[in-house]
Amino acid sequence: MIIFTTNVGDIGIELDFERAPVSAKNFLRYCREGFYEGTVFHRVIPGFMIQGGGLSAKMREKPTHEPIVNEANKGLKNTLGSLAMARTDAPHSATAQFFINVADNDFLDHSATTNSGWGYAVFGKVTTGMEIVQQIEKVKTATIAGHEDVPMDPIVIEKVTINL
């Protein structure tokens, strides 16, 4: 269990090391390094997802480790409350950023080993604090520093607690 203490409440996360070992270990590495502390949920789209794990409250991107292999083909689904790796259009480009699905988003699941079909790798789920996730989902957003759907009042990950 990993607990993200945010400025609006705690979110408990369980990682799936069995079915998404590369993504889960990658996420845990960033947690252990303190990387997520001080980052914000920088993209919030109601009915879709909340994204964080890479930008400071001043919308500055933090340097990351090398990208990891996409494990979206391991069978985990982008369902309500699941955590998945955010990435660019390139299938194997995920580093530190992640998102929490606030709906069942099956269109993000793996469908083919093509650029458009790879999908987004789920590696964990919210086990406590889904009401905090839903609270974040409802915040007012704007375009800030060239980024769309940014909460007007920053939602900051203040502390990461690891209980493994």
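The values are calculated or read from the model by the stated rules, or taken from the named source; none is laboratory data. Everything numeric here is computed off the predicted structure, so don't read it as measured data. As a convention, Cβ positions derive from the backbone with ideal geometry for all residues, glycine included, and neighbour counts pool all protein chains shown.
For every residue, the table says whether it meets (1) in a strand (DSSP E or B); (2) under 18 Å from THR39 (Cα atoms); (3) out of contact with any His (no Cβ under 6 Å at 6 or more places or on another chain); (4) at pLDDT 95 or above.
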site: SER116; (1), (2), (3), (4): no, no, yes, no
site: GLY119; (1), (2), (3), (4): no, no, no, yes
site: LYS125; (1), (2), (3), (4): yes, no, yes, yes
site: ILE132; (1), (2), (3), (4): no, yes, yes, yes
site: ILE136; (1), (2), (3), (4): no, yes, yes, yes
site: GLU158; (1), (2), (3), (4): yes, yes, yes, yes
Open item on the list: I'd like to know if the range 63-71 contains one or more residues that are surrounded by 16 or more Cβ atoms within 10 Å (Cβ to Cβ), of a type in the set (Asp, Glu), over 14 Å from VAL160 (Cα atoms) and modelled with pLDDT of 95 or more.
Closed with: yes
Task: Odd one out for ALA94 among (1) in a loop (DSSP other than H, G, I, E, B); (2) touching a residue at least 24 places away in the same chain (Cβ under 8 Å); (3) surrounded by fewer than 15 Cβ atoms within 10 Å (Cβ to Cβ) - done: (3)
Task: Cross-chain or 6+ apart pairs with Cβ under 6 Å, the range 46-62 first and over 28 Å from PHE107 (Cα atoms) and touching a residue at least 40 places away in the same chain (Cβ under 8 Å), then part of a loop (DSSP other than H, G, I, E, B) and of a type outside the set (A, V, I, L, M, F, W, C) - done: ALA57/PRO154
- [ ] Just one of (1) among the small types (Gly, Ala, Ser); (2) closer than 23 Å to ASN7 by Cα; (3) more than 16 Å from the chain's Cα centre (by Cα) trips up ALA96, so point out which.
- [x] (3)
- [ ] Identify all residues within the range 13-35 that are without any contact (Cβ under 8 Å) to a residue 40 or more places away in the chain and touching a Lys or Arg at 6+ places or on another chain (Cβ under 8 Å); write none if there are none.
- [x] PHE17
Open item on the list: Restricting to the range 20-45, name every residue that is in contact with a helix residue (DSSP H, G or I) (Cβ under 8 Å, 6 or more places away or on another chain) and exposed (fewer than 15 other Cβ atoms within 10 Å of the Cβ).
Closed with: none
